[in-house]
Every structure is written in structure tokens, then in C-alpha cells.
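Visitor: One structure, pasted below without further comment.
The values are calculated or read from the model by the stated rules, or taken from the named source; none is laboratory data. No experiment lies behind these values; they were computed from the predicted model shown. Here the Cβ positions follow ideal geometry from the backbone for every residue, glycine too, while neighbour counts run over all protein chains shown. Ligands, DNA and RNA are stripped out before the accessible areas are found, and what is left, the full protein with its side chains, is counted by its heavy atoms. Shrake-Rupley method; radii C 1.70, N 1.55, O 1.52, S 1.80 Å.
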Amino acid sequence: MRTLITLLLLAASFASGEVTFKEPEWWDRGVVFVGNWEPLNVRLRYGRDAVTGGELPVNVIDRYMREHSEETVVKLKESGVNLIIAHFYKMGLEADREEIELTKKLGELCHKHGMKLGVYIGDTIYADTMLRDNPKAREWILYMENGDSVRYGGQTFRHRVDFNHPGYVEHIKNVIRIAIQEVHADLIHFDNVLRRQAPLTGDTPEINRRFREFLGAKYTPEQLKQRFGFSDISNVRVPSWSGVSNPANVTTITDPVIQEWTDFRCHDLADYYGKLAAHIRSLNPNVVVELNPHGINGSNRAFLSGVDHARLVRHGSVFWTEESNDAEVDREGILVSKIRSLKMGRSLDRTVFIKCRFVNDPSTRVPGSSYQLRMAETMAFNRNCLGDVGKPLDVYEMPEAARSFVRFYHQQNRLFQASRNVADVAVLRSFASMAYNSVEPHRDTMLIEQVLIQNKVPFDIIFDQQLENLSRYKAVVLGSQECLPEKAVEKLREYVRNGGGLVATGHSSLFTDWRRVREDYALAEVLGIRARAGRELPEAQRKSFGKGRAAYIPAVLTAKPLPPVSTWVTQGFDRKFWSLPLNADEIIVAVRYAAGSAFSAEFTGAPLTTVAELTEQAGGTRILHLINYKRGTVVPPVEVTMAVPEGRKPVRVEALSPDRPGRQALEFKTEGGRVRFRMPQLETYNLAVVTF
């Protein structure tokens, strides 16, 4: 009966566009985890050590067995780890059977010592084992239009899979059943749930069937005729890339079939994950569901990977990002972070898994070393998860500096529980804008976010689905968000008319969500701009509209000339381009103008190499997180003013940090609806807790 009720609730949530579920009680108490998701058979087949990435040691089997020992579990617990994500399914159920039994025993040890067990489910088909044990698996392989199978990088023995093939879905459901009912997993981790970029996209009868089914469900015959020029789609196929030299380098996507194919890939992947998440909860609603689609990296994730985070990650509690944006100020002076991905997780009310590992870190002897900085970043910006602090064999060498941050996280966990960020500004990432142009929307949005990050402006990253709830923000920013549907335009217009602020750059609102050019900017009246001949950008503007304010900036000026688009568009507008733009001050002034009043937290004396996040909890407590990204430096005390919530009065301000013991009471003054205090000197990470 409980299973039936669970399924009915899930069906209702899917129909309404929302996915609602209750996470288990242990989840919100904070998660620190490690992983050993490469089973022995895979390590031997790869010929590579799973811990170091180097050649296999002669004692690989002994070390592998040690990872599953009670001694390891106890030492992990002593170091602060409370979740192990272990190997489970990779080479196939039959081939992995011995490894699965080891995982089951490891889970028993975890539960014995009050820890949780997560299990890894791989994303490929192994030719050596799965095709031997299950010949039908050939039908699930992803094939290109020339008939070749898509392989996993240079590993020729691994085939990529058509995730949403009905046979594969049923197979993975059986894998899930074993994980939950036999191994008693507390969390299920789906690895690399993303698509391959063109031409490795798949062209099979099954994929074409689903594509046409998607189009038929999305549009009426009359709409199909308006979209394609015809309504009979019986011969429409997924795009052909034969003869296209660099299909992944496509910049502006105007072909309606390729646009719809991009949308279909995002929909189809989210549909696959939704089926599995619903199946997991029907078996045990207390199992946490997680996948790895990676995060925001400056590339067109929809076109290249079939990933629309807003649709995809809502089905689970967690998503993983393995982007190479480890926290630092690099040699070029660029502040690098995973803040965008973490903010996206907060906005979508999902936890993010990132690596905070210390292994092979050359800076482990430097105060404020990189693993400490990564831990500080995830404590400040994440939804109560410290992240992956190392593999089991590493724990024996965990330095005290790492342990001190883990201890701090556990000791102060109440500050991270059930908190939400306080944001004055929202940066919109509209699907059609980001999916149908791989250049300007990504460039402008990434750089505007960089300006807000380094100037410590409290902001959220939002998506089309969140335009219904703009009233909580003082200003919304459109970084060259070109392709806005009429509904989004109307929401933004009404938001400004009712007192909100708007900042836009580039050709924001010039196109429809089918990327058809409008006669004028849809937000022309709001922004005070008009379309010009030859797509010449309008001049900068500031104006009032209704009760609100709007500012238009023609272009975000990169700090140095960009190389040809063809050399970077596939990789994306990544970290090497994140120098603050030449007109960063103009952007901040425009955002302040649109916001109309001071931000919820303001700083004096905080360098641009520091970042901040402001969170709050039920009852009114606000926590200000301040992080120094420039390792080896100490930031002198910083003056802070913070908005006092209406009807509240501050009664206590305390500072604490994993860099030093104890709590420090701070003197404060309240004036003009704001509380003023001075943060202590900053090594890596400071928190100020304001109790109202």
C-alpha cells in the first residue's frame, strides 16, 4: 500500500512539473564522504591504480581488500567521514557479483559503526563482460549514423549507452532493486549521466522513434507547420553530422530541427533519470538519489551534453560536478571557483557533491592550502555537504589541517542545517538563450557572475521555471539573454512595473524562444532601447519603468581580446577567460541602480580576492561566510554592514573560524535598519553569526 501511495504522489508531481519528496533525517545532519567506486576487476582491466591514477602496484589485491576492512571503516569514522560511496555495478551484474558481495559486507560494517553506504552505478557497457553475459545489451549501445558504436574516450572496450532505451531502463531498474533490497544502500550514485557531443550523439531507430514522439507530444499539427513548414513529421530524423567538420563548434543554432533535437536530448535524459528516481523511491523512499551530470563550466551544456540542470537534477537530492575549477587565485590573478555550480544547487534546492581531496596536493604544507579552501567554499555555498574528502586508502595520511576543517564542519553543523541563501540579485539563465547560442549568452553571463562573485553581491542563479517568484529579488540580470519566450518577457515586464530592477546586456529579448528575430526588443519599453539596422547594439541606458528601474549595457568588455571562437566554444567560456571585464565597475553601478538600495551585506576593506555568502535560518539567525581565495595571505579586519530583517533586532554577533579555536563576541551597532560590525582578520574562512 505504501508503495502504491508513493507512486501516485510521484505521478502527480510529474504531472504538475514539480518533483516532491522527503529526504531521510540523516541527510540534513551534514555529509562528509569518500569513495572507492572502482572494483578490483575494473582496476585490473584498466591496468591503473584507482587511488593514485598511476600504474598498478604489485600489492593491488591486498590494498583493495584493506579498503573493505573494519579497520578502514573505523579510521574513516574517526576522521569525520559518515558516508562511503562504494563500487557496485560497472562491468555487469554477473561479472561484478564477487565485488557486489564485498560492497554488501562493507555496508554492514558502515551500518555497524553508524555510517551510511552509497553505491556506484556505471554508465557504459563493457564489451568483454556485459556483451558476453547479456547479448541483448547490444541493442542498448549508442550507435552513430555510420553504424559505429560510441566508445568511452580511449577505452575501446567500453560502449556508451542509449540511456532511455526501454530495455536498458528495465535492466538498470533490476540493478537498483539489488542495490536496495540485497545490499541495503542508503544512497545511489549514477555516474556520468550526460550525453556526448556531436557527432557522437546517436542515430538509431529507437532514438528517432522517441524524437518524433517528443515532437508530436510538444506541438499540434498546426504548430508543427509553423515550426518546420510542414506538419507530417514521420520522416524527421535526428540531425545528421556527416560531412560537418566540427559539429561541436556550432555557435548559433538556427535550424529548428537541431533546436528541437537539443531540447529533446535534455528532456529525454531528464525523463530517464526521473524514471529511475521514481523506481528507487517506490522501493525505499529513504534512499538518497544522486547523479553526476557535472555543473556550470561556461560551455553550452544543453547542445553539447543534453543537460538542462533545471529539468534534470530536480528528480534527485544531489548532483555531482567534476569541473576543473578548484578554488584559487591563479597565476594570472583570476579568481577560480565552483561557486556557480554551488549557487545553482542552492537555487534548485539540491546538494552538490564536489571533491575536497587532499591527496597529491603539492600545497598541503601551506596555510590556507587548496583542500582547506575547497572545504571552505563548499561549507559556505553548499546545501550542507562538505564533499568528497578522499578515498579510503588516503585517510591514513589525512593531515591535521584537513581534519581540523572536517571537525569544524561537524561541530558547527547547526549553522549549515536547513539554511537558505539571502539574495538581492538574480542572474537568469534562460534555456533557449543558453542552448541556441554558444557564445554571447555564455560569455556575458559568466563574466557578470564573476563581477558579482568578486564584489560580494548576494545573488542567485535562476532558470525559466523560477520566473514565477521574482518578488524576492531587488534586481534581475540578463546577460545577453537573447531568446526569451513571451511569457518570460511578460513576467519581467510586470516585475519591473511593480518595483523590481532589471539589468540587460547585448541582444537580450531580441529573439523569440524559437530564435526568430523580433521587429524590436521585446523589453524595449522597459529598457529604453530600440533595435538598429545590422544588429548594431543600442547605446547604454538607464530609466524608470512603472515603480521600478532598468539599466542597459551594450557589451561586457573582456579584459583581453578573445581568440577565435572556433578555438574555445567547445570547451566553453572557461576559467582562463574569467578575468574581471574592463567595464566591471559599470556593471556594478548598473546593478546597484537597478536594485535601488544597499545590498543585504556590504563590505569595506575586503579585497576582490575574497568572496562572501549570506545565509539565514528559520528564527532569523543570519550567517555571513567570508572566504579568502588568495592562499598564503591574510586579510585585515573587514567592516561589514548587514540589513536587519523587518521586525527584528540584533542581540548578538559572534565570529568563528576553522582557522582558530573558539567563538569571539563582536561589538556591533544598529543604525538605519542595518547592523554594523568588524570581521576579524581572515586567513581562509570566517563566519559571523548574527542572532536577532
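Visitor: Listed residues 517, 526; which is under 29 Å from residue 225 (Cα atoms) and either out of contact with any Asp or Glu (no Cβ under 8 Å at 6 or more places or on another chain) or open to solvent by less than 60 Å² (accessible area, probe 1.4 Å) (or both)?
Guide: Values: 526 fails: under 29 Å from residue 225 (Cα atoms).
Result of the check over 517, 526: 517.
Visitor: Also, quick follow-up: Which condition number in (1) in contact with a Leu (Cβ under 9 Å, 6 or more places away or on another chain); (2) modelled with pLDDT under 95 is the one that residue 329 fails?
Guide: Of the numbered conditions (1) in contact with a Leu (Cβ under 9 Å, 6 or more places away or on another chain); (2) modelled with pLDDT under 95, the odd one out for residue 329 is (2).
Visitor: Could I ask something else about it? Got a number for residues in region 53-94 being of a type in the set (Val, Ile, Thr) and either in contact with a strand residue (DSSP E or B) (Cβ under 7 Å, 6 or more places away or on another chain) or closer than 22 Å to residue 157 by Cβ (or both)?
Guide: Filtering region 53-94 down to residues of a type in the set (Val, Ile, Thr) leaves 58, 60-61, 72-74, 81, 84-85.
Then drop every residue that is not either in contact with a strand residue (DSSP E or B) (Cβ under 7 Å, 6 or more places away or on another chain) or closer than 22 Å to residue 157 by Cβ (or both), which leaves 60-61, 81, 84-85.
So the answer is 5.
Visitor: Within region 626-677, track down each residue that is of a type in the set (Phe, Trp, Tyr) and under 20 Å from residue 374 (Cα atoms). Lay out the reasoning, then the answer.
Guide: Step one: of region 626-677, the residues of a type in the set (Phe, Trp, Tyr) are 629, 668, 677.
Correct list: 629 only.
Visitor: How about region 589-636: which strands (runs of 3 or more DSSP E) wholly inside it have at least 2 residues that are among the polar types (S, T, N, Q)? Explain how you work it out, then say what you get.
Guide: Values: elements: 601-604, 610-617, 622-628.
Hits in region 589-636: 610-617.
Visitor: Please go through region 621-643 and pick out each residue that is at pLDDT below 95 and buried (at least 19 other Cβ atoms within 10 Å of the Cβ).
Guide: 631
Visitor: So for region 270-292 (the condition being assigned to a loop (DSSP other than H, G, I, E, B), open to solvent by less than 20 Å² (accessible area, probe 1.4 Å) and in contact with a Phe, Trp or Tyr (Cβ under 8 Å, 6 or more places away or on another chain)), does at least one residue qualify?
Guide: yes
Visitor: Which of (1) in a helix (DSSP H, G or I); (2) open to solvent by less than 10 Å² (accessible area, probe 1.4 Å); (3) modelled with pLDDT of 95 or more does residue 371 not meet, given it meets every other one?
Guide: (3) is the only condition that residue 371 fails.
Visitor: I would also like to ask the following. Within region 660-685, take every residue that is farther than 24 Å from residue 649 by Cβ and out of contact with any helix residue (DSSP H, G or I) (no Cβ under 7 Å at 6 or more places or on another chain) and give me the one that is least open to solvent (accessible area, probe 1.4 Å).
Guide: Per the criteria, the residue is 682.
Visitor: Collect the residues in region 241-250 that are surrounded by 13 or more Cβ atoms within 10 Å (Cβ to Cβ) and polar (S, T, N, Q), keeping them in residue-number order.
Guide: Matches in region 241-250: 249 only.
Visitor: Based on what the data block shows, is residue 502 assigned to a strand (DSSP E or B) and either modelled with pLDDT under 95 or not polar (S, T, N, Q) (or both)?
Guide: For residue 502, the condition - assigned to a strand (DSSP E or B) and either modelled with pLDDT under 95 or not polar (S, T, N, Q) (or both) - is met.
Visitor: Pull up region 392-415, narrow it to residues that are open to solvent by 30 Å² or more (accessible area, probe 1.4 Å) and part of a loop (DSSP other than H, G, I, E, B), then point me to the one that is nearest to residue 620 (Cα to Cα).
Guide: Only one residue tops the list, namely 412.
Visitor: Here's something else I'd like to know. Criterion first (in contact with a strand residue (DSSP E or B) (Cβ under 7 Å, 6 or more places away or on another chain), part of a strand (DSSP E or B) and surrounded by 21 or more Cβ atoms within 10 Å (Cβ to Cβ)) does residue 427 satisfy it?
Guide: Yes; evaluated as a whole, the condition is true for this residue.
Visitor: Which pairs turn up if I take residues in region 396-419 that are over 16 Å from residue 376 (Cβ atoms) and look for partners that are open to solvent by 40 Å² or more (accessible area, probe 1.4 Å) with beta carbon separation below 6 Å, at least 6 apart in sequence or on another chain?
Guide: 417/28
Visitor: Mind checking which residues of region 540-556 are touching a residue at least 12 places away in the same chain (Cβ under 8 Å), within 14 Å of residue 496 (Cα to Cα) and either assigned to a loop (DSSP other than H, G, I, E, B) or among the hydroxyl-bearing types (Ser, Thr, Tyr) (or both)?
Guide: 546, 547, 552 - these are the residues of region 540-556 that are touching a residue at least 12 places away in the same chain (Cβ under 8 Å), within 14 Å of residue 496 (Cα to Cα) and either assigned to a loop (DSSP other than H, G, I, E, B) or among the hydroxyl-bearing types (Ser, Thr, Tyr) (or both).
Visitor: For region 64-87, does any single residue satisfy the condition of being part of a strand (DSSP E or B), hydroxyl-bearing (Ser, Thr, Tyr), on the phi < 0 side of the Ramachandran plot and open to solvent by less than 70 Å² (accessible area, probe 1.4 Å)?
Guide: Within region 64-87, not a single residue is part of a strand (DSSP E or B), hydroxyl-bearing (Ser, Thr, Tyr), on the phi < 0 side of the Ramachandran plot and open to solvent by less than 70 Å² (accessible area, probe 1.4 Å).
Visitor: Quick one: would you say residue 557 is open to solvent by 10 Å² or more (accessible area, probe 1.4 Å) and touching a helix residue (DSSP H, G or I) at 6+ places or on another chain (Cβ under 7 Å)? Walk me through how you get there before you give the answer.
Guide: Working: open to solvent by 10 Å² or more (accessible area, probe 1.4 Å): yes; touching a helix residue (DSSP H, G or I) at 6+ places or on another chain (Cβ under 7 Å): no.
Considered against the rule, which asks whether it is open to solvent by 10 Å² or more (accessible area, probe 1.4 Å) and touching a helix residue (DSSP H, G or I) at 6+ places or on another chain (Cβ under 7 Å), residue 557 comes out as no.
Visitor: Continuing with the same structure: Of all residues being of a type in the set (A, V, I, L, M) and within 20 Å of residue 650 (Cα to Cα) in region 583-611, which is surrounded by the fewest Cβ atoms within 10 Å (Cβ to Cβ)? Just the residue, please.
Guide: 598
Visitor: Also, quick follow-up: Can you tell me which condition residue 308 does not meet? The list is (1) under 22 Å from residue 121 (Cα atoms); (2) of a type outside the set (Val, Ile, Thr); (3) buried (at least 24 other Cβ atoms within 10 Å of the Cβ); (4) at pLDDT below 95, and all the others hold.
Guide: So the condition that residue 308 fails would be (4).
Visitor: Looking at 439, 457, which is the one that is of a type outside the set (Ser, Thr, Tyr) and either touching a Gly at 6+ places or on another chain (Cβ under 7 Å) or crowded, with 22+ Cβ neighbours inside 10 Å (or both)?
Guide: 457
Visitor: Give me the pairs, please: first residue somewhere in region 102-113 and under 15 Å from residue 26 (Cβ atoms), second residue anywhere and part of a helix (DSSP H, G or I) and open to solvent by 10 Å² or more (accessible area, probe 1.4 Å), beta-carbon distance under 6 Å, and either six or more positions apart or on two chains.
Guide: Once the first residue is under 15 Å from residue 26 (Cβ atoms) and sits in region 102-113, its partners that are part of a helix (DSSP H, G or I) and open to solvent by 10 Å² or more (accessible area, probe 1.4 Å) give 113/77.
Visitor: Taking the stated definitions as given, is residue 346 modelled with pLDDT of 95 or more, under 25 Å from residue 187 (Cβ atoms), open to solvent by 10 Å² or more (accessible area, probe 1.4 Å) and not in a loop (DSSP other than H, G, I, E, B)? Full working, then the answer.
Guide: On the way: modelled with pLDDT of 95 or more: yes; under 25 Å from residue 187 (Cβ atoms): yes; open to solvent by 10 Å² or more (accessible area, probe 1.4 Å): yes; not in a loop (DSSP other than H, G, I, E, B): yes.
It is true that residue 346 is modelled with pLDDT of 95 or more, under 25 Å from residue 187 (Cβ atoms), open to solvent by 10 Å² or more (accessible area, probe 1.4 Å) and not in a loop (DSSP other than H, G, I, E, B).
Visitor: Here's a follow-up. Residue 513 passes all but one of (1) in contact (Cβ under 8 Å) with a residue 60 or more places away in the chain; (2) in a helix (DSSP H, G or I); which number fails?
Guide: Of (1) in contact (Cβ under 8 Å) with a residue 60 or more places away in the chain; (2) in a helix (DSSP H, G or I), only one is false for residue 513: (2).
Visitor: Looking at region 108-125, is at least one residue at pLDDT below 95, part of a loop (DSSP other than H, G, I, E, B) and among the acidic types (Asp, Glu)?
Guide: Yes - at least one qualifying residue is present in region 108-125.
Visitor: Looking at (1) within 28 Å of the chain's Cα centre (by Cα); (2) part of a loop (DSSP other than H, G, I, E, B); (3) farther than 29 Å from residue 325 by Cβ, which is the only condition residue 537 fails?
Guide: With respect to (1) within 28 Å of the chain's Cα centre (by Cα); (2) part of a loop (DSSP other than H, G, I, E, B); (3) farther than 29 Å from residue 325 by Cβ, residue 537 is out only on (1).
Visitor: Within region 453-499, how many residues are in a helix (DSSP H, G or I) and not charged (D, E, K, R)?
Guide: Number of matching residues: 13.
Visitor: Testing residue 341 on (1) under 18 Å from residue 574 (Cα atoms); (2) more than 12 Å from the chain's Cα centre (by Cα); (3) buried (at least 23 other Cβ atoms within 10 Å of the Cβ), one condition comes back false. Which one is that?
Guide: Answer for residue 341: the failing condition is (2).
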